[in-house]
1. For region 205-283, what is one quarter of the convex hull surface built on the Cα atoms, given in nm²?
2. Using label points projected 7 Å from each Cα along Cα→Cβ, tell me how many nm separate Glu32 and Arg136, to one decimal.
3. With an 8 Å cut-off on Cα pairs and a minimum separation of 6 or more residues, tell me the relative contact order of region 262-333 in percent.
4. Have a look at region 131-193 and give its Rg and Dmax from the Cα atoms, expressed in angstrom.
5. Which of the listed residues, Met118, Ile98, Gly129, is farthest toward the dipole's positive end in region 85-130, when Lys, Arg count +1 and Asp, Glu count -1 at the beta-carbon?
6. Checking the a/c ratio against 1.5 first, then a/b against b/c, what shape does the Cα gyration tensor give for region 361-400?
7. Once the Cβ-Cβ distance between Arg356 and Gln312 is put in as r, and R0 is 30 Å, what FRET efficiency do you end up with, to the nearest 0.05?
8. In whole percent, what relative contact order does region 221-313 give with Cα contacts below 8 Å and a gap of six or more residues?
Amino acid sequence: MANRELAFKAGDVIKVLDASNKDWWWGQIDDEEGWFPASFVRLWVNQEDGVEEGPSDVQNGHLDPNSDCLCLGRPLQNRDQMRANVINEIMSTERHYIKHLKDICEGYLKQCRKRRDMFSDEQLKVIFGNIEDIYRFQMGFVRDLEKQYNNDDPHLSEIGPCFLEHQDGFWIYSEYCNNHLDACMELSKLMKDSRYQHFFEACRLLQQMIDIAIDGFLLTPVQKICKYPLQLAELLKYTAQDHRYVAAALAVMRNVTQQINERKRRLENIDKIAQWQASVLDWEGEDILDRSSELIYTGEMAWIYQPYGRNQQRVFFLFDHQMVLCKKDLIRRDILYYKGRIDMDKYEVVDIEDGRDDDFNVSMKNAFKLHNKETEEIHLFFAKKLEEKIRWLRAFREERKMVQEDEKIGFEISENQKRQAAMTVRKVPKQKGVNSARSIPPSYPPPQDPLNQGQYLVPDGIAQSQVFEFTEPKRSQSPFWQNFSRLTPFKK
């Protein structure tokens, strides 16, 4: 099964030896041969340079008499033909993709549900994620694409509006991609039992699917969402400038992939957040991961909670949905004690000018307030410098923006992911001589501008390599995590 799948990476050129199956082709890279999904590679068509037509006059999908490999196309002669070729490729891959999704839902998931003795509902949720939601969405999307497709003159097809109409629906891929690693881990555990190996193989044969392991089929949606920007970028090259919908569709799909990558990165950092919480002494209340998934900003400020209260120095950690307050140990300044938290969903940020404050009866400089919209409670903060105050105000805006985007697409950390993070923390060894009940927390770095910590962006000139793998845009690690273990008992 899996050993017959052709391993390839971005940029590889595959020699096609057998294309008799419309979904899976048999190909060769160097001395290696195997199956690979036809819908995830691009036919190598010389679209711009004129080439003399050979005497064989072969068509796409036929064998060249002078070669043992598939002829991957004939050069196109004008802009309309180039656009038609891209349109046809998009339509072809969409139709094949629908079949893949149907095979997964009916060939695997449906059969698994019949075997309650082998699979629990929780296991199936982990393995297949929201694949059925994706299948339903894609059927509606392809239905609209078919309506816009011009069979007689493909180059006249207007498919850009379909992407704009369905742009909100593509966010369901975020949940699937975030869950994919857990799915692979669960499958890996099950496959150690020969019963599950035989069961999945029987499902494949019953559905008449190609000889590829189930994890190869489950990777399909992850690869598919990354391919849309490539296809639309190619279509835009051969689209007249007055057709604004293709450019808009490309921008939409790039944004979708960027946001999916960003949320994937955040999930990969939750172990660090759980480890940080475990290092803070005297922790109370719910875990950070119950509501949050990203450390946005951190720094030290003076703080007053109530009128005529005492000015206190605290270290603040701003996450999405909440801000945690900590106090430094008087002797060991790298040790932090938990002192409370502020629910950011209930507060609004108020920028205030330097001068005398009537509420707190104090002189203010570089200050701002957090005002509870329900109880009228007020927290007053003093930054050391104006630049630091500006950074905090930017961080609060970033926090609200992140929360709104997460709510829009339904982003959340699954219970399974929380458990995995907790298990990872328990496995981290403590240094000798450190009381396990009162472990020493990490030091924290100087605060950084939240807008200059690197963005998770896909460049405009998106490379073809991203067709084949769910790549992460390069983002420099937050200084907080870089210095996490500098003064901690945790071993790397």
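1. On the way: hull surface 40.2 nm².
Mean orientational projected area (region 205-283, Cα hull): 10.0 nm².
2. In this crude label model, Glu32 to Arg136 measures out at 3.9 nm.
3. Values: 83 pairs, mean separation 17.0, N = 72.
Relative CO of region 262-333 lands at 24 percent.
4. 17.0, 53
5. Positive-most Cα among the choices belongs to Met118.
6. Working: a/c = 4.28, a/b = 1.13, b/c = 3.78.
The shape class here is oblate.
7. On the way: r = 20 Å, r/R0 = 0.67.
Calculated transfer efficiency: 0.90.
8. Values: 44 pairs, mean separation 16.5, N = 93.
Relative contact order of region 221-313: 18 percent.
Read the figures in this text as sums done on the coordinates, not as results from a lab. Every value quoted in this text rests on a predicted model; they were computed, and no experiment measured them. Counting neighbours? That spans all protein chains shown, and the Cβs are built from the backbone with ideal geometry, glycine included.
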